[in-house]
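Peer 1: What follows is a structure written as C-alpha coordinates; I'll ask about it next.
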Amino acid sequence: MRWNELPRGRLAELLPEAIVVVPTGATEQHGPQLPTGTDALLATTVVERAVADYEFPRPVIIAPTVSVGSSDHHFPFGGTLSLSPETFVSVLLDIARSVSIGGGQRLFFVNGHGGNQGPCASAAAAASNRYGISVAYADYWSLLPESVRSLDIVPGHAGEFETSLMLAVRPDLVVDSGPRVPATALDNPAGVQIYSAEYWAVINGHSDDATAASAEKGAGWLDSIVDALRDRLTELAEKL
(Lines give C-alpha, C1' and ligand atoms only; values in the text may rest on other atoms or scores of the structure.)
Protein backbone atom coordinates (compact mmCIF):
# COMPACT_ATOMS: atom_id res chain seq x y z
CA MET A 1 0.00 0.00 0.00
CA ARG A 2 1.27 3.44 -0.93
CA TRP A 3 0.39 6.36 1.31
CA ASN A 4 -0.40 8.69 -1.59
CA GLU A 5 -2.80 6.18 -3.18
CA LEU A 6 -4.98 5.79 -0.06
CA PRO A 7 -7.89 8.04 0.97
CA ARG A 8 -7.78 9.72 4.36
CA GLY A 9 -10.37 7.42 5.91
CA ARG A 10 -8.45 4.28 5.00
CA LEU A 11 -5.22 5.79 6.35
CA ALA A 12 -6.97 6.66 9.61
CA GLU A 13 -8.02 3.01 9.93
CA LEU A 14 -4.59 1.57 9.09
CA LEU A 15 -2.09 3.88 10.76
CA PRO A 16 -2.55 2.86 14.41
CA GLU A 17 -1.42 -0.70 13.58
CA ALA A 18 0.76 -0.09 10.51
CA ILE A 19 4.47 0.36 9.88
CA VAL A 20 5.09 3.38 7.67
CA VAL A 21 8.20 2.91 5.51
CA VAL A 22 9.92 6.04 4.19
CA PRO A 23 12.57 5.50 1.49
CA THR A 24 15.22 8.23 1.51
CA GLY A 25 17.67 8.98 -1.26
CA ALA A 26 19.38 11.84 -3.05
CA THR A 27 19.54 13.75 -6.31
CA GLU A 28 23.24 14.12 -7.01
CA GLN A 29 25.98 13.36 -9.50
CA HIS A 30 26.73 9.67 -9.93
CA GLY A 31 29.73 9.74 -12.20
CA PRO A 32 29.41 9.99 -15.99
CA GLN A 33 27.29 6.87 -16.36
CA LEU A 34 24.50 6.90 -13.77
CA PRO A 35 21.44 9.17 -13.39
CA THR A 36 21.36 11.73 -10.60
CA GLY A 37 18.34 9.99 -9.06
CA THR A 38 20.16 6.67 -8.53
CA ASP A 39 19.99 6.64 -4.71
CA ALA A 40 16.30 7.49 -4.50
CA LEU A 41 15.41 5.06 -7.27
CA LEU A 42 17.29 2.15 -5.67
CA ALA A 43 15.93 2.78 -2.17
CA THR A 44 12.40 2.93 -3.56
CA THR A 45 12.89 -0.22 -5.63
CA VAL A 46 14.22 -2.20 -2.67
CA VAL A 47 11.27 -1.17 -0.49
CA GLU A 48 8.61 -1.80 -3.13
CA ARG A 49 9.98 -5.23 -4.03
CA ALA A 50 10.29 -6.25 -0.38
CA VAL A 51 6.66 -5.35 0.31
CA ALA A 52 5.09 -6.62 -2.93
CA ASP A 53 2.89 -9.72 -2.77
CA TYR A 54 3.78 -10.52 0.83
CA GLU A 55 1.56 -10.65 3.90
CA PHE A 56 3.19 -9.12 6.98
CA PRO A 57 1.92 -9.48 10.55
CA ARG A 58 0.66 -5.89 10.36
CA PRO A 59 -0.06 -3.40 7.52
CA VAL A 60 2.94 -1.86 5.74
CA ILE A 61 2.42 1.55 4.14
CA ILE A 62 5.05 2.99 1.78
CA ALA A 63 5.31 6.76 2.11
CA PRO A 64 6.52 8.94 -0.77
CA THR A 65 10.29 8.80 -1.22
CA VAL A 66 12.37 11.69 0.10
CA SER A 67 14.32 12.18 -3.13
CA VAL A 68 16.58 15.08 -2.16
CA GLY A 69 19.06 14.39 0.60
CA SER A 70 22.21 15.77 2.18
CA SER A 71 24.61 16.05 -0.77
CA ASP A 72 26.58 19.27 -0.44
CA HIS A 73 29.84 17.35 -0.95
CA HIS A 74 28.82 16.64 -4.56
CA PHE A 75 28.35 20.28 -5.60
CA PRO A 76 31.80 20.54 -7.25
CA PHE A 77 30.77 17.95 -9.87
CA GLY A 78 27.45 19.56 -10.86
CA GLY A 79 24.04 17.97 -11.33
CA THR A 80 23.28 18.03 -7.61
CA LEU A 81 20.29 19.16 -5.56
CA SER A 82 20.92 19.15 -1.83
CA LEU A 83 19.47 19.91 1.57
CA SER A 84 21.78 20.91 4.38
CA PRO A 85 22.09 18.17 7.02
CA GLU A 86 20.07 20.34 9.42
CA THR A 87 17.28 20.83 6.88
CA PHE A 88 17.22 17.14 5.98
CA VAL A 89 16.84 16.19 9.65
CA SER A 90 14.01 18.71 9.94
CA VAL A 91 12.25 17.23 6.90
CA LEU A 92 12.41 13.72 8.38
CA LEU A 93 11.21 15.01 11.75
CA ASP A 94 8.24 16.74 10.12
CA ILE A 95 7.36 13.52 8.30
CA ALA A 96 7.53 11.66 11.61
CA ARG A 97 5.40 14.36 13.25
CA SER A 98 2.83 14.04 10.48
CA VAL A 99 2.68 10.27 10.84
CA SER A 100 2.23 10.64 14.60
CA ILE A 101 -0.52 13.24 14.29
CA GLY A 102 -2.28 10.95 11.82
CA GLY A 103 -2.33 8.16 14.38
CA GLY A 104 0.80 6.25 13.31
CA GLN A 105 2.98 4.56 15.92
CA ARG A 106 5.72 2.91 13.84
CA LEU A 107 8.12 4.41 11.29
CA PHE A 108 10.99 2.89 9.31
CA PHE A 109 13.49 4.97 7.32
CA VAL A 110 15.13 2.90 4.55
CA ASN A 111 18.04 4.97 3.28
CA GLY A 112 19.79 4.85 -0.08
CA HIS A 113 22.44 7.60 0.25
CA GLY A 114 25.65 7.62 2.30
CA GLY A 115 25.38 11.34 3.05
CA ASN A 116 22.05 10.72 4.79
CA GLN A 117 23.39 8.26 7.35
CA GLY A 118 24.10 10.70 10.19
CA PRO A 119 20.94 12.75 9.62
CA CYS A 120 18.74 9.62 9.42
CA ALA A 121 20.11 8.30 12.70
CA SER A 122 19.67 11.69 14.38
CA ALA A 123 16.13 12.11 13.06
CA ALA A 124 15.12 8.60 14.12
CA ALA A 125 16.32 9.14 17.68
CA ALA A 126 14.81 12.62 17.95
CA ALA A 127 11.46 11.56 16.47
CA SER A 128 11.11 8.75 18.95
CA ASN A 129 11.80 11.10 21.86
CA ARG A 130 9.61 13.95 20.63
CA TYR A 131 6.58 12.08 19.36
CA GLY A 132 6.55 8.89 21.41
CA ILE A 133 6.64 6.61 18.36
CA SER A 134 8.90 3.69 17.47
CA VAL A 135 11.38 4.58 14.71
CA ALA A 136 13.73 2.18 12.89
CA TYR A 137 16.43 3.06 10.39
CA ALA A 138 18.58 1.04 7.96
CA ASP A 139 20.78 1.69 4.93
CA TYR A 140 19.67 -0.76 2.26
CA TRP A 141 23.22 -1.83 1.36
CA SER A 142 23.89 -2.79 4.99
CA LEU A 143 21.38 -5.62 4.50
CA LEU A 144 23.71 -7.50 2.16
CA PRO A 145 24.33 -10.89 3.82
CA GLU A 146 27.79 -11.56 5.23
CA SER A 147 28.25 -14.33 2.67
CA VAL A 148 28.03 -11.70 -0.07
CA ARG A 149 30.12 -9.12 1.78
CA SER A 150 32.89 -11.68 2.14
CA LEU A 151 33.34 -11.55 -1.63
CA ASP A 152 34.81 -8.05 -1.21
CA ILE A 153 31.82 -6.29 -2.73
CA VAL A 154 32.17 -2.56 -2.07
CA PRO A 155 28.81 -0.76 -1.82
CA GLY A 156 30.43 2.50 -2.87
CA HIS A 157 29.35 5.56 -4.84
CA ALA A 158 28.78 5.26 -8.61
CA GLY A 159 31.07 2.22 -8.81
CA GLU A 160 30.57 -1.46 -9.58
CA PHE A 161 27.87 -2.00 -6.93
CA GLU A 162 25.47 0.83 -7.79
CA THR A 163 26.07 0.51 -11.53
CA SER A 164 25.25 -3.22 -11.40
CA LEU A 165 22.05 -2.51 -9.47
CA MET A 166 21.01 0.14 -11.99
CA LEU A 167 21.77 -2.20 -14.90
CA ALA A 168 19.41 -4.71 -13.26
CA VAL A 169 16.66 -2.19 -12.48
CA ARG A 170 16.78 0.57 -15.13
CA PRO A 171 19.39 -0.24 -17.79
CA ASP A 172 17.87 2.43 -20.01
CA LEU A 173 19.20 5.09 -17.62
CA VAL A 174 22.80 3.86 -17.60
CA VAL A 175 25.09 5.63 -20.06
CA ASP A 176 27.96 3.74 -21.69
CA SER A 177 30.78 6.09 -20.78
CA GLY A 178 33.60 3.82 -21.93
CA PRO A 179 36.59 2.58 -19.91
CA ARG A 180 37.04 4.31 -16.57
CA VAL A 181 40.13 4.84 -14.48
CA PRO A 182 39.75 3.26 -11.02
CA ALA A 183 39.27 5.77 -8.23
CA THR A 184 42.24 6.49 -5.97
CA ALA A 185 40.96 6.58 -2.41
CA LEU A 186 42.65 8.34 0.47
CA ASP A 187 44.03 6.12 3.22
CA ASN A 188 42.00 6.60 6.40
CA PRO A 189 43.32 5.55 9.80
CA ALA A 190 41.72 2.26 10.85
CA GLY A 191 38.33 2.80 12.44
CA VAL A 192 38.28 6.50 11.60
CA GLN A 193 35.95 8.24 9.13
CA ILE A 194 37.30 11.41 7.49
CA TYR A 195 35.03 14.07 6.01
CA SER A 196 36.99 16.13 3.50
CA ALA A 197 36.41 17.93 0.20
CA GLU A 198 39.81 16.61 -0.86
CA TYR A 199 38.52 13.03 -0.65
CA TRP A 200 35.89 13.55 -3.35
CA ALA A 201 38.29 15.50 -5.55
CA VAL A 202 40.88 12.71 -5.39
CA ILE A 203 38.41 9.95 -6.28
CA ASN A 204 36.81 12.14 -9.00
CA GLY A 205 33.28 11.69 -7.65
CA HIS A 206 33.15 7.89 -7.73
CA SER A 207 34.44 5.38 -5.21
CA ASP A 208 35.59 2.54 -7.47
CA ASP A 209 35.77 1.37 -11.08
CA ALA A 210 32.42 0.48 -12.64
CA THR A 211 33.71 -1.36 -15.72
CA ALA A 212 33.14 -4.76 -14.08
CA ALA A 213 29.47 -3.97 -13.38
CA SER A 214 26.79 -6.22 -14.85
CA ALA A 215 23.04 -6.66 -14.71
CA GLU A 216 23.53 -10.25 -13.57
CA LYS A 217 25.57 -9.19 -10.53
CA GLY A 218 23.10 -6.43 -9.77
CA ALA A 219 20.09 -8.76 -9.93
CA GLY A 220 21.72 -11.17 -7.49
CA TRP A 221 22.71 -8.47 -5.00
CA LEU A 222 19.29 -6.85 -5.28
CA ASP A 223 17.48 -10.12 -4.58
CA SER A 224 19.63 -10.65 -1.48
CA ILE A 225 18.87 -7.14 -0.19
CA VAL A 226 15.15 -7.42 -0.90
CA ASP A 227 14.91 -10.77 0.90
CA ALA A 228 16.79 -9.35 3.89
CA LEU A 229 14.58 -6.25 4.06
CA ARG A 230 11.45 -8.43 3.93
CA ASP A 231 12.82 -10.43 6.86
CA ARG A 232 13.60 -7.25 8.83
CA LEU A 233 10.14 -5.84 8.15
CA THR A 234 8.56 -9.07 9.37
CA GLU A 235 10.68 -8.88 12.52
CA LEU A 236 9.77 -5.25 13.12
CA ALA A 237 6.09 -5.98 12.55
CA GLU A 238 6.23 -8.64 15.25
CA LYS A 239 8.25 -6.60 17.76
CA LEU A 240 7.02 -3.00 17.46
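Peer 1: Report the Cα-based extents of region 32-77 along its three principal axes, largest first, to the nearest Å.
Peer 2: 46, 21, 12
Peer 1: What are the ³J(HN,Hα) couplings of region 140-146, residue after residue, when phi is run through the Karplus curve with 6.51, -1.76, 1.60 and θ = phi - 60°? Round to Hz, x for glycine and proline.
Peer 2: Running phi through 6.51 cos²θ - 1.76 cosθ + 1.60 with θ = phi - 60° gives 4, 5, 5, 8, 4, x, 4 Hz.
Peer 1: Residue by residue, what Karplus-based ³J(HN,Hα) values in Hz, rounded to whole numbers, does region 93-105 have, using 6.51, -1.76 and 1.60 with θ = phi - 60° and x for Gly and Pro?
Peer 2: 5, 5, 5, 4, 4, 5, 4, 5, 4, x, x, x, 10
Peer 1: Okay, next question. What net charge is computed for the residues neighbouring Ala127, neighbours being all others with C-beta under 13 Å from the C-beta of Ala127, Lys and Arg scored +1, Asp and Glu -1?
Peer 2: +2
Peer 1: If you don't mind, another one. Which residue fluctuates the most in the chain, going by a Gaussian network model with Cα springs under 10 Å, if the choices are Gly191, Gly218, Gly159?
Peer 2: Result for the chain, Cα springs under 10 Å: Gly191 fluctuates most.
Peer 1: Against the longest alpha carbon principal axis of the chain, how many degrees, from 0 to 90 and to the nearest 10, is the axis of helix 38-51 turned?
Peer 2: That helix lies at roughly 40 degrees to the long axis.
Peer 1: According to the Cα gyration tensor, what semi-axes, each the square root of 5 times an eigenvalue, does the equivalent ellipsoid of region 85-133 have, listed from largest to smallest in whole Å?
Peer 2: After scaling each eigenvalue by five and taking roots: 18, 10, 9 Å.
Peer 1: Let me ask something additional. If eta is 0.890 mPa s and T is 25 °C, what Stokes-Einstein diffusion coefficient results for region 1-101, Kirkwood Rh from Cα pairs, in µm²/s?
Peer 2: The diffusion coefficient I find is 164 µm²/s.
Peer 1: Something else about it: Specify the angular offset, from 0 to 90 degrees and rounded to the nearest 10, of the alpha carbon long axis of helix 160-169 from the longest principal axis of the alpha carbons in the chain.
Peer 2: Roughly 60 degrees, rounded to the nearest 10.
Peer 1: Taking a probe of 1.4 Å, how large is the accessible area per residue of region 1-124, in Å²?
Peer 2: Result: 40 Å² per residue.
Peer 1: Let me ask something else. Quick check: pseudo-label points 7 Å beyond the Cα along Cα→Cβ at Val148 and Arg232, how many nm apart are they?
Peer 2: Placing both labels 7 Å beyond Cα along the Cβ direction yields 1.2 nm.
The values are calculated or read from the model by the stated rules, or taken from the named source; none is laboratory data. It should be emphasised that the depicted structure is a prediction, and the values quoted were computed from it without experimental measurement. Please note: Cβ atoms are built from the backbone with ideal geometry, for glycine as well, and neighbour counts cover all protein chains shown. Surface areas here come from the heavy atoms of the whole protein model, side chains and all, with no ligands, DNA or RNA. Shrake-Rupley method; radii C 1.70, N 1.55, O 1.52, S 1.80 Å.
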